[in-house]
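Every number in this text was worked out from the coordinates using simple rules, so none of it is lab data. Remember, predicted model here, so these are calculated numbers, not experimental data. Cβ coordinates were reconstructed from backbone atoms using ideal geometry, including for glycine residues, and neighbour counts include every protein chain displayed.
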Amino acid sequence: MGITNLSFENTEIAFRHCSNADLKRAYWLFRVININFLVKIGPPITNFAVKIGLPINGLIKATIFKHFCGGETIRECESTIRALAKGGVGTILDYSIEGEDDEQVFDNTCEEIIRTIRRAAKDPSIPLTVFKVTGVARFSLLEKLDAGLQLTETEQEEWQKAQGRVLAICEKAHATGIPVMIDAEESWIQKTIDQLALAMMKRFNGDKAIVYNTYQLYRRDKLQSLMHDHQTVFQNGAILGAKLVRGAYMEKERRRAEENGYPSPIQPDKQAADRDYNAALDYCTDHINTIAFVAGTHNEESCRLLAELLDKKHIDHKNPNVFFSQLLGMSDNLSFNLANAQYNVAKYVPYGPIKAVLPYLFRRAQENTAIAGQMSRELGLIVKEVKRRKSPL
Ligand SMILES: Cc1cc2nc3c(=O)[nH]c(=O)nc-3n(C[C@H](O)[C@H](O)[C@H](O)COP(=O)(O)OP(=O)(O)OC[C@H]3O[C@@H](n4cnc5c(N)ncnc54)[C@H](O)[C@@H]3O)c2cc1C
């Protein structure tokens with residue numbers, strides 16, 4: 001299918017995997033999420049209720065969790081994996097544990113990530129895997145390393161263990177031939193993550209990219225880093241693995257920079273972030289034989305641009321070095337229409353214990369509040385499909 005036939009408006013394709021009951025649930029969920037006030041007061045109330053042991057897990061699991069997560073375990077994600085695969089969309093199992101600082105939890109998370117790689121190895125519908133370094137290492141330890149501060153002896157041991165976990169994950173990915181992406185996080189720990197990722201790429205990437213680092217193009221310096229890392233890994237005789245995103249921590253980044261009196265690492269405006277994101281797509285498609293990349297975005301313009309670049313540069317839609325990627329429960333109009341046009345697409349399917357994925361769910365809710373009085377894009381698409389089906393709400 002040529003680019004001229006690519007439409008992101010087709011809600012029939014976008015929601016083919018949803019029953020009327022699914023759509024109805026999503027409609028009411030997004031109606032609630034659209035109310036800014038509720039999304040503001042929701043997180044503290046929910047956190048408090050969970051803390052004092054109110055039985056609200058069932059309610060969360062049946063609503064927001066069901067929409068944005070695959071389940072609490074890999075087994076519970078199976079039906080989501082199958083539903084996505086039916087529409088030609090792959091799954092990226094994302095074990096979403098955040099903000100922990102316990103060595104035992106880090107070991108357990110490492111084992112769980114290795115289980116996602118094992119699960120992927122058996123199944124072409126799970127083409128990629130992912131993890132966060134803060135899932136297997138203490139945030140403040142990474143922060144200390146990033147700042148170039150001296151570690152104590154105990155901290156040095158802790159750091160050895162953390163690196164051991166990252167190595168074990170990448171080794172498993174290499175042994176099974178399943179690529180693993182390393183998520184990008186806050187700038188004050190990112191230098192350390194970048195160094196780890198680069199070391200893993202040099203070690204495990206060859207003709208195929210096994211390890212992917214993430215480049216946040218909302219940062220002023222990341223287009224440069226992408227090009228620089230490409231040259232470094234290439235000189236090492238290997239392919240660069242790159243996930244391209246705009247970045248998720250803008251407000252936190254700006255606030256910290258202001259509070260601590262250093263220049264913000266974030267682009268001056270959205271336009272600059274968009275310009276660098278799209279330039280990165282251009283650069284990666286120019287070097288498609290030496291960069292394997294994943295465009296992690298819900299931005300329609302960027303998805304369209306990438307599809308156009310592939311056609312213009314005569315790159316096959318199914319070239320294994322290029323993937324589009326979105327999050328479960330968001331932008332199905334992009335994911336399923338791209339898959340329908342035979343592009344490689346995979347969605348993050350977050351999973352984990354409800355309490356642990358709450359921060360992730362709050363971020364999704366915040367992203368989907370109404371914008372200047374208008375309903376969010378997701379709600380608009382659901383309403384369009386409900387009308388098309390003529391199914392009563
Ligand atoms: C598959 C996938 C994987 C992801 N992995 C990561 C990850 O590892 N690390 C991570 O940080 N994020 C990650 N994200 C989140 C991502 O960074 C974005 O927050 C989110 O996708 C919204 O950006 P967008 O490209 O979809 O498009 P849009 O909605 O067009 O852009 C919104 C984004 O633009 C940027 N932006 C907005 N206003 C401004 C401004 N005034 N100045 C500068 N920049 C601005 C911000 O990054 C904002 O999030 C991932 C997203 C996806 C879909």
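Just in region 263-338: which trypsin sites (Lys or Arg not before Pro) are loop by DSSP and have at most 14 other Cβ atoms within 10 Å?
Taking region 263-338 and a limit of 14 other Cβ atoms within 10 Å, the loop trypsin sites (Lys or Arg not before Pro) found are Lys313, Lys318.
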Amide H proximity to Cys18 below 5 Å, modelled H, separation 5+ or other chain, gives none
Cα centroids of region 238-305 and region 162-193: how far apart, whole angstrom? 19 Å
Gln235 versus Glu12: modelled label distance in nm, points set 7 Å from Cα along the beta carbon direction: 5.5 nm
Pull up the cross-link candidates among the lysines for Lys387, meaning alpha carbon to alpha carbon under 16 Å and not fewer than 8 places away within one chain. Lys24
Hey, rough spin-label estimate for His314 and Glu98, points 7 angstrom out along Cα→Cβ, what's it come to in nanometres? 4.5 nm
Which ³J(HN,Hα) values, rounded to whole Hz and listed in residue order, are derived for region 90-99 from phi using the Karplus coefficients 6.51, -1.76 and 1.60 in 6.51 cos²θ - 1.76 cosθ + 1.60 with θ = phi - 60°, glycine and proline given as x? x, 10, 10, 5, 10, 6, 9, 10, 10, x
Can you give the alpha-carbon Rg of region 235-373 over 2.2 N^0.38 Å, where N counts its residues? 1.19
Can you tell me which aspartates and glutamates have their Cα less than 15 Å from the Cα of Lys318? Leave out same-chain residues fewer than eight positions away. Glu308
At a Cα cut-off below 18 Å, give the aspartates and glutamates reachable from Lys122, other chains included and same-chain residues fewer than 8 away excluded. Glu76, Glu78, Asp94, Glu111, Glu112, Glu171
